[in-house]
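The values are calculated or read from the model by the stated rules, or taken from the named source; none is laboratory data. Predicted, not measured: the structure shown is a model, and the values here were computed from it. Heads up, the Cβs are rebuilt from the backbone with ideal geometry, glycines too, and the neighbour counts pull from every protein chain shown. Please note that ligands, DNA and RNA were not included when accessible areas were found on the heavy atoms of the full protein model with its side chains. Shrake-Rupley method; radii C 1.70, N 1.55, O 1.52, S 1.80 Å.
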Amino acid sequence: MKFLILMGSPHKNGNTMQCLQPFCETLKNTGHEVDLIWLYDKKIAGCRACRFCQEDWSKFTCVIQDDTIFLADQIMNSDYIVLATPIYSWYCTPPMKALLDRMVYGMNMYYGEGKGPSLWAGL
């Protein structure tokens, strides 16, 4: 199985990573593939709610050309997604929030003129 870990902490060696290391080691030791992506290393703009992503129901699309398109591909090619983030002011960190907002619109075709599929159904 392939696990994608989206790391939302700004501190690469902080408390969130300290919690994550034994988890990753256990996954690797049991034969799973683990990909870890630090979201602070990526360019992730906030969703504009323009609904461009709702026009093509076959894939993730977005008018904003940043790393979110790459991240959507990584998500679609994984068996499991792990969100690892500290909680600041009652919510996850800014790049995690921006990515989650973009994924809700871009991966679920429920927000346009008609209701379409969820691209990550079954993941």
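Annotations
- Global geometry of region 44-92, whether rounded, prolate or oblate, following the gyration tensor of its Cα atoms and the 1.5 cut on a/c: oblate
- Alpha-carbon centroids, region 8-34 and region 35-84: separation in whole Å: 21
- Residue with peak Gaussian network fluctuation, the chain [Cα springs, cutoff 10 Å], from Asn77, Asn13, Asn108: Asn13
- Modelled FRET efficiency - R0 25 Å, Gln74 with Ala49, Cβ distances, 0.05 increments: 0.60
- Restricting region 89-118 to chymotrypsin sites (Phe, Trp or Tyr not before Pro) in coil, as DSSP defines it, with at most 10 other Cβ within 10 Å: Trp90
- Charge tally in the Cβ shell below 10 Å around Leu71, where Lys, Arg are +1 and Asp, Glu are -1, Leu71 excluded: -1
- Accessible surface of the chain [probe 1.4 Å, protein heavy atoms]: carbon and sulfur percent: 53
- For region 9-123, the dipole from Cβ point charges (+1 on Lys and Arg, -1 on Asp and Glu) about the Cα centre works out to 300 debye, to the nearest 20.
- Within the chain, longest stretch free of exposed trypsin sites (Lys or Arg not before Pro) [DSSP loop, at most 15 other beta carbons within 10 Å]: 60-114
- Distant-in-sequence amide H partners of Val34 (H built 1.01 Å from N, under 5 Å): Phe3
- Residue-span extension gain [Trp90 to Lys42] - 0.36 nm each, minus C-alpha spacing: 15.0 nm
- Per residue value of the accessible surface for the chain (all protein chains in place, 1.4 Å probe), Å²: 59
- Spin-label model, His11/Trp57: points 7 Å from Cα along the beta carbon direction are separated by 4.6 nm.
- Quotient of Cα Rg and 2.2 N^0.38 Å for the chain, N being how many residues it contains: 1.11
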